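These notes are about the structure you will find just below.
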Amino acid sequence: MKIYIAYTGGTIGMVPSDQGLVPDAAFADHLAQHLNASDELAHDFVIASYPTLIDSSNATPKDWQTIARDIESKWHDFDAFIVLHGTDTMAYTSAALSFMFAHSNKPIIVTGSQVPMYKVRTDAMINVMGAISACEEGVQGVFLFFAGRLIEGDRAHKAHTSDWQAFSSPNCPERGVLGIDWRWRSNESAQKPVVIQIPEMEEGAVTILPVFPGVQAEHWQGLLNGQVKGAVLLSYGAGNAPDKDPALLALLSTATERGVVIVNVSQCGAGSVAAGAYAAGSALVKAGVVSGQDITYEAAFVKLSFLIGLGLSSEEIKHCFV
């Protein structure tokens, strides 16, 4: 099997410096030594370190585009792809790749680590080897692998800062769980033809609107500026927000009327938006806000960015969330 491993940046390949942890320019060589030291890995690995490494906390939609185009340029030369990435925005990148490589017939697995590889007590090679193992099993699609969990790319959520298991899949069972052996969730859906679409990503086109006690229109006014074409509304519970503030609702209505697609996602860790179940949620529906159902806020942000990048109209984008 020919496996392409792209080191895009992140904790996994960092080393200490006077300024703190920084990316190691020689990381690709160190990783190759680890992989070549094993007699069990009879694969052809190509490991590439990006010329400009991405600190995932600085990642933008343009970086998703860069990674996707790198994979696309090598699509016919490799059987599987592994993307090494920082954990802060890993869930966003895995979601982006899942939309850009819809119905992928090859494994594209995003992973990284909580502790750099140079440390004695690190999860780096455990996660890399788990990602390789998933490729060997012949999974098809885009996934995030971390601490033994293979999560659908658009279902992953960064859930913990310091546990080995940094990611969860709150509303969808993991595709596989790796212990001594793999335990798989059955996947009986028919494989559709792969669709690769890598649109020009507009930075600043999507924003996030937090709901909190005492939120006022002034808090969101700047977030819904003229550049914005989509917004993720982080609502309470099953999709609720204040419904007694006319200015707040008028701001949402004005934005949706000018074509901004506002997607309602619960700020709870799990569960789904039930649009209109409560009066406080019905007011959002009347203001033109669409339900994100059980999507994570990371995936909602990425999906809006992706669909806007494709040039779809606001009505077409809304239909994609139904």
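The single condition among (1) touching a Phe, Trp or Tyr at 6+ places or on another chain (Cβ under 8 Å); (2) open to solvent by less than 10 Å² (accessible area, probe 1.4 Å); (3) hydroxyl-bearing (Ser, Thr, Tyr); (4) under 16 Å from residue 35 (Cβ atoms) that residue 93 does not meet is (4).
Search the stretch 125-170 for residues being in a strand (DSSP E or B) and farther than 13 Å from residue 109 by Cα, and hand back the single one that is least open to solvent (accessible area, probe 1.4 Å). So the residue we want is 167. Is it true that residue 309 is within 24 Å of residue 155 (Cβ to Cβ) and in contact with a strand residue (DSSP E or B) (Cβ under 8 Å, 6 or more places away or on another chain)? Considered against the rule, which asks whether it is within 24 Å of residue 155 (Cβ to Cβ) and in contact with a strand residue (DSSP E or B) (Cβ under 8 Å, 6 or more places away or on another chain), residue 309 comes out as no. Checking each residue in the stretch 191-231 for being in contact (Cβ under 8 Å) with a residue 12 or more places away in the chain and open to solvent by 70 Å² or more (accessible area, probe 1.4 Å) picks out 191, 192, 193, 197, 200, 202, 203, 216, 221, 227, 229. Within the stretch 171-190, how many residues are open to solvent by less than 60 Å² (accessible area, probe 1.4 Å) and of a type in the set (A, V, I, L, M, F, W, C)? Matching residues across the stretch 171-190 total 4. Every test in (1) over 26 Å from residue 190 (Cα atoms); (2) among the hydroxyl-bearing types (Ser, Thr, Tyr); (3) in contact (Cβ under 8 Å) with a residue 24 or more places away in the chain is passed by residue 98 save one, and that test is (1).
In summary, residue 70 fulfils each of the numbered conditions (1) part of a helix (DSSP H, G or I); (2) open to solvent by 40 Å² or more (accessible area, probe 1.4 Å) with the single exception of condition (2).
The values are calculated or read from the model by the stated rules, or taken from the named source; none is laboratory data. It should be emphasised that the depicted structure is a prediction, and the values quoted were computed from it without experimental measurement. As a convention, Cβ positions derive from the backbone with ideal geometry for all residues, glycine included, and neighbour counts pool all protein chains shown. The protein model used for the area step is the full one, side chains on, heavy atoms only, and it has no ligands, DNA or RNA in it. Shrake-Rupley method; radii C 1.70, N 1.55, O 1.52, S 1.80 Å.
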